[in-house]
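Colleague: A single structure is presented below for examination.
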Amino acid sequence: MLEQENPGSKTNVQLDALHRFEYLFVALGASIEGFQWMRKVIVVDATFLKTVYGGQLVFATAQDPNHHHYPIAFGIIDSENHSSWPWFLENLKAVVPDDPELVFVSDRHKSIIYGVSKVYPLARHVHCIWHLAQNVKGHAQQGVKKDDVVDKFIKCAHAYTGSEFKKEFDEFRKLYPACAKFLVDKIDVERWARCIFEGEKYNLDTSNSCESMNSVFRKDRKLSLLPMLDKIIEKFAFWSNKYRNECASMPSTKVVVPFVENVLHERCPIAKRLTVREVNGQEFLFDVFGSDGVVYLVDLASKTCVCRMFDIDKYPCVHAIAALMAKIKKDGRMSTLSVYDLCSRYYLVETWARAYVKTIYTVPHISTWAIPEDVLKLFAYPPDYTAKRGRNQEERHPSEGESRKKKKKKTSNKCKPHQDLGVFF
């Protein structure tokens, strides 16, 4: 029914040899089509389900140019392992093909690393620096403030140039030698240092978008399968409609998304005060004297600057804006250049709007369903589970606790094929 209501959607359910539920994959048609207008960076993560059956909820999420969640796909797996992650990613690959421009961001779970390398050999894969920071601070010597370790590590990770990175990491090594040794010995620097990474991941270097999704569905993860799916689809539909309206409400004079517009607005007054010297007018090369005393070579034609913010973020740094102002001043009325011409197409309002063209529909009430006979014949048993013992964390009344203990004694540890399937589904 989800596929009928949302044309172009991709769903898949895998059962084990005993017809017990194992995995689920869902990618909505609207999200699949819209992702072609998104930056090619996908964040993947998993979070635990809070039912007696266990299992985990998995998300593959992008970020729209205005820094909103853009869920591409989600699924249910038994646990994070070398079977479940490749299965999920194989299904994702059917809607998001392998591509050298594609970048995955995740924590350092071995099964995610294995799955991405196996299923997406052309794509690049980087570590979430927030998760990595938690690993790094665990190697700090006694007496060191762990938050200071995290802050200093993130400064290293966020450095735009090799010289800036070397300076920051040399200081980090002196202050926290054990942490630096862990990074050098165990972690490929390209997977966490912005200036070393050769692909295009823009501002995305954490799995915060998925972590936030996990938080959004915190209560829904206590529900059985189908009610939880309804809640997830409802939220996706709500977000899609909200950001579609946000795009539609933009004045026709606005060219780039609000986030980038605000950044450019802050940089323009600073750029006006910088001195610019033309190096090669025919090739759009300029020297810009920064407020820090450094001279920055800007190439407006190739959209690069020695500071590398222009190169990595894909919208103009303060030096590029200063060079553009000098170019426009020299050319006068003949100039056709605009600051927006220096921004990646992914940041244009027109591109942003195209990602939300298609509508996400929720599944209608079961009374309206028309299900083919061959589909009606399909069935699935719930997965096995082990009954958990101990106090229910939400339990408050003593008498309620006693009654639950008595009920638990009568509960079998394994699901039987004849049991009420509604408990799981």
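The values are calculated or read from the model by the stated rules, or taken from the named source; none is laboratory data. In this text the structure is predicted, and so the values were computed from the model without any measurement. Cβ coordinates were reconstructed from backbone atoms using ideal geometry, including for glycine residues, and neighbour counts include every protein chain displayed. Each accessible area value is taken on the protein alone, full model and side chains, heavy atoms only, with ligands, DNA and RNA left out. Shrake-Rupley method; radii C 1.70, N 1.55, O 1.52, S 1.80 Å.
Colleague: Going by the structure shown, is Ala178 assigned to a helix (DSSP H, G or I) and in the same structural domain as Val41 (by the TED database)? Explain how you work it out, then say what you get.
Modeller: Values: assigned to a helix (DSSP H, G or I): yes; in the same structural domain as Val41 (by the TED database): yes.
Criteria met by Ala178.
Colleague: Here's a follow-up. Looking at Asp287, is it out of contact with any Asp or Glu (no Cβ under 7 Å at 6 or more places or on another chain), in a strand (DSSP E or B) and not basic (Lys, Arg)?
Modeller: yes
Colleague: Among Ser240, Ser252, which is the only one that is among the small types (Gly, Ala, Ser), part of a helix (DSSP H, G or I) and on the phi < 0 side of the Ramachandran plot?
Modeller: Checking each option against the conditions leaves just Ser240.
Yes or no, residue by residue, for (1) within 12 Å of the chain's Cα centre (by Cα); (2) outside any loop (DSSP other than H, G, I, E, B):
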{"residue": "Thr11", "(1), (2)": "no, yes"}
{"residue": "Gln14", "(1), (2)": "no, yes"}
{"residue": "Phe35", "(1), (2)": "no, yes"}
{"residue": "Asp45", "(1), (2)": "yes, yes"}
{"residue": "Val52", "(1), (2)": "no, no"}
{"residue": "Thr61", "(1), (2)": "yes, yes"}
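Colleague: Please specify each residue of region 261-292 satisfying the condition of being open to solvent by 80 Å² or more (accessible area, probe 1.4 Å), over 15 Å from Pro316 (Cα atoms) and either out of contact with any strand residue (DSSP E or B) (no Cβ under 9 Å at 6 or more places or on another chain) or aromatic (Phe, Trp, Tyr) (or both).
Modeller: Result: Arg273, Gln282, Ser291, Asp292.
Colleague: Quick one: is Pro65 modelled with pLDDT under 95 and either in contact with a helix residue (DSSP H, G or I) (Cβ under 6 Å, 6 or more places away or on another chain) or open to solvent by 10 Å² or more (accessible area, probe 1.4 Å) (or both)?
Modeller: yes
Colleague: The conditions are (1) open to solvent by 20 Å² or more (accessible area, probe 1.4 Å); (2) touching a residue at least 40 places away in the same chain (Cβ under 8 Å); (3) under 16 Å from the mean Cα position of the chain (by Cα), and Leu92 fails exactly one of them. Which is it?
Modeller: (1)
Colleague: Let me ask another. Being touching a residue at least 60 places away in the same chain (Cβ under 8 Å), more than 30 Å from Glu234 (Cα to Cα) and assigned to a helix (DSSP H, G or I) is the filter here, so list the residues in region 325-361 that pass it.
Modeller: Those that are touching a residue at least 60 places away in the same chain (Cβ under 8 Å), more than 30 Å from Glu234 (Cα to Cα) and assigned to a helix (DSSP H, G or I): Val339, Tyr340.
Colleague: Follow-up. List, please: which pairs have Cβ atoms under 7 Å, are six or more places apart or on different chains, and start with a residue in region 34-48 that is among the polar types (S, T, N, Q) and end with one that is surrounded by 21 or more Cβ atoms within 10 Å (Cβ to Cβ)?
Modeller: Every condition considered, the pairs that remain are Thr47/Leu57.
Colleague: Still on this structure, I have one more. Considering each of Leu175, Leu183 in turn, give the residue that is open to solvent by 20 Å² or more (accessible area, probe 1.4 Å) and either farther than 30 Å from Gly55 by Cα or in contact with a Ser or Thr (Cβ under 8 Å, 6 or more places away or on another chain) (or both).
Modeller: From the options Leu175, Leu183, the qualifying one is Leu175.
Colleague: Continuing with the same structure: Looking at region 295-314, I want the residues that are open to solvent by less than 60 Å² (accessible area, probe 1.4 Å) and have a partner that is among the β-branched types (Val, Ile, Thr) with Cβ atoms under 7 Å, at least 6 apart or on another chain. Which pairs are those?
Modeller: Sorted first by the residue in region 295-314, then by its partner, the pairs are Tyr296/Val288; Tyr296/Val306; Val298/Val288; Cys305/Val298; Cys307/Thr161; Phe310/Thr304; Asp311/Thr304.
Colleague: Now for a separate question. Looking only at region 240-254, how many residues end up being touching a residue at least 24 places away in the same chain (Cβ under 8 Å) and either farther than 13 Å from Asn66 by Cα or of a type in the set (Gly, Ala, Ser) (or both)? It would help to see each step written out before you state the result.
Modeller: At the first step, the residues of region 240-254 found to be touching a residue at least 24 places away in the same chain (Cβ under 8 Å) are 240-241, 243-244, 246-248, 250, 254.
With either farther than 13 Å from Asn66 by Cα or of a type in the set (Gly, Ala, Ser) (or both) added as a condition, the list becomes 240-241, 248, 254.
Qualifying residue count for the region: 4.
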